[in-house]
Amino acid sequence: MATSDRTTSLKEGMTAPDFSARTGDGEEIRLSQFRGRKVVLYFYPKDNTPGCTAEACAFRDLKDEMRALGAVVLGVSKDSAKSHQRFSAKHGLNFPLLADTDQEVIRAYDVLKEKTMCGRTSLGVVRSTFIIDGEGVIRKVFGEVKVAGHDRQVLEALKAL
C-alpha cells in the first residue's frame, strides 16, 4: 500500500515530476536521463549549514554502496549554482547538487512550506527525500527528515526495492 508524508502531496506509487536544473558546474540535468536507474532525490534548506552539511557528507560517504544498488544521488536547494560549486568543493561531494533558484523543482515536489523560527514565519524548504525507481515512479517518501541516521534509512529503502 502506498504511503505518504504530510509534508508533501506526492505519494508513493505516483510518477515523479520530471524536471531540468543546472549543477554547480553548469551542467543541465533532467530527472528523465536517469531512467533505468534508481534516484535518491533529496531536498535541503541551505548550503553550508550544519544539518545540510552533515546530510550531504553522509550521502557522499555512502555513494559506492548506493551505486552498487543502481542508485544515483541528486541534491536540490534554492541556492545558486555558484554556492553549490563552493559547497561541493569544500566538502568533496561526489554527486550533483542542483540549483533551483526559481523553486520550480521544489514546488513540483511540494516541499516548500511555511516554517516558524524564532517567532518569525517564512516559506522554506522542508528537508525531504524521494526514492524514485528506474521507471520514474516514487517508491519512498521521507518528509521532515532528521539528519542523524537518514542516510542509512535511505540505503535500507534502496535495498528493499
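Can you tell me which residues in the stretch 124-161 are within 21 Å of F19 (Cβ to Cβ), outside any loop (DSSP other than H, G, I, E, B) and small (G, A, S)?
Matches in the stretch 124-161: G124, S128.
Evaluate the stretch 12-26: report whether one residue or more is more than 23 Å from L155 (Cα to Cα), surrounded by 14 or more Cβ atoms within 10 Å (Cβ to Cβ) and either in contact with a Cys (Cβ under 8 Å, 6 or more places away or on another chain) or of a type in the set (V, I, T) (or both).
Yes, the conditions are met somewhere in the stretch 12-26.
For the subset of the stretch 79-123 comprising residues that are among the β-branched types (V, I, T) and assigned to a strand (DSSP E or B), which member is modelled with the highest pLDDT? Before you say what the answer is, go through the steps one by one.
Looking only at the stretch 79-123, we keep the residues that are among the β-branched types (V, I, T), and these are 101, 105-106, 111, 116, 121.
Add one more test, that the residue is assigned to a strand (DSSP E or B), and what stays is 116, 121.
Numbers: T116: 70, T121: 77.
By that ranking, first place goes to T121.
Just give me the residues in the stretch 108-142 being over 24 Å from R30 (Cβ atoms) and either surrounded by 13 or more Cβ atoms within 10 Å (Cβ to Cβ) or in contact (Cβ under 8 Å) with a residue 12 or more places away in the chain (or both), in sequence order. I'd like the intermediate steps shown before the answer.
Of the stretch 108-142, the ones over 24 Å from R30 (Cβ atoms) are 113-124.
Passing the criteria: K113, K115, G124.
Can you tell me which condition D47 does not meet? The list is (1) buried (at least 21 other Cβ atoms within 10 Å of the Cβ); (2) not in a loop (DSSP other than H, G, I, E, B), and all the others hold.
Every listed condition holds for D47 apart from (2).
Those residues that are under 22 Å from K140 (Cα atoms), assigned to a loop (DSSP other than H, G, I, E, B) and either of a type outside the set (D, E) or modelled with pLDDT under 95 (or both), I need them from the stretch 13-34; list them, please.
G13, M14, A16, P17, F19, listed by residue number.
When the residues of the stretch 50-88 are filtered to those that are in contact with a strand residue (DSSP E or B) (Cβ under 7 Å, 6 or more places away or on another chain), without any contact (Cβ under 8 Å) to a residue 60 or more places away in the chain and of a type in the set (S, T, Y), which remaining residue is surrounded by the fewest Cβ atoms within 10 Å (Cβ to Cβ)?
Checked the stretch 50-88; the qualifying residue surrounded by the fewest Cβ atoms within 10 Å (Cβ to Cβ) is S80.
Residues checked against (1) under 18 Å from I131 (Cβ atoms); (2) small (G, A, S):
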residue	(1), (2)
S9	yes, yes
M14	yes, no
F19	yes, no
E27	no, no
R35	yes, no
P45	no, no
T49	no, no
C57	no, no
D64	yes, no
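The values are calculated or read from the model by the stated rules, or taken from the named source; none is laboratory data. Please read these numbers as outputs of a predicted model, since none were measured by experiment. Positions of Cβ are generated from backbone atoms using ideal geometry, with glycine treated the same way; all protein chains shown enter the neighbour counts.
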